[in-house]
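*Asks:* To start, I am sharing the structure in question, which I have written as structure tokens.
The values are calculated or read from the model by the stated rules, or taken from the named source; none is laboratory data. All figures in this text were calculated on a predicted structure; none of them were measured in a lab. Ligands, DNA and RNA are stripped out before the accessible areas are found, and what is left, the full protein with its side chains, is counted by its heavy atoms. Shrake-Rupley method; radii C 1.70, N 1.55, O 1.52, S 1.80 Å.
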Amino acid sequence: MLKVQDRKRILLGIVLAGILCIVMVVLTALSAELKQENNRLSSENKALKGEVDTLSVKIKTANNVAHIEDVAMNELGMIYPEEDQCVYITSKDAPKKNFASVIRQEAYR
């Protein structure tokens with residue numbers, strides 16, 4: 001027959017093993033939840049990166065001088081000025097070349 005002290009040790013060992021098993025189950029569940037959240041955030045990050053790349057391409061396209069000129073002429077009805085349409089405050093302000101040519105050259109530099 002087992003002594004009372006031995007029974008207490010066996011019972012304590014069983015309780016500790018049970019607590020350890022419960023802790024392992026809880027930690028495994030927490031780990032699975034964190035992995036799921038990490039996967040969701042990774043997917044969201046990939047989607048946002050794709051959106052950033054798309055917007056970067058759109059910005060580069062919109063900042064293209066040819067595109068800006070096309071929008072100005074076709075959508076806004078803007079045209080380059082003729083030489084006789086420009087007014088200068090002093091004769092020193094007037095460019096030596098045609099003003100429209102100067103603007104085009106500066107834009108496509």
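*Asks:* Within the chain, what whole-number % of the accessible surface is contributed by carbon and sulfur, with the 1.4 Å probe and all protein chains included in the calculation?
*Replies:* For the chain, the apolar C and S fraction of the accessible surface comes to 63 percent.
*Asks:* How big is the shadow of the Cα convex hull of the chain, averaged over all directions, in nm²?
*Replies:* Taking the Cα atoms of the chain, their convex hull projects to 15.3 nm² on average.
*Asks:* Accessible area per residue of the chain at 1.4 Å probe, in Å²?
*Replies:* For the chain, the solvent-accessible area averages 92 Å² per residue.
*Asks:* Could you tell me how many degrees, from 0 to 90 and to the nearest 10, lie between the Cα long axis of helix 4-62 and the main elongation axis, the longest principal axis, of the Cα atoms of the chain?
*Replies:* Approximately 10 degrees, to the nearest ten.
*Asks:* Continuing with this model, one more query. Note the count of lysine pairs whose C-alpha atoms are less than 28 angstrom apart in the chain, limited to pairs 8 or more residues apart or on different chains.
*Replies:* 6
*Asks:* Same structure again: How much length, in nm to one decimal, is gained on full extension between L48 and I22, taken as 0.36 nm per residue of separation minus their Cα-Cα distance?
*Replies:* 5.5 nm
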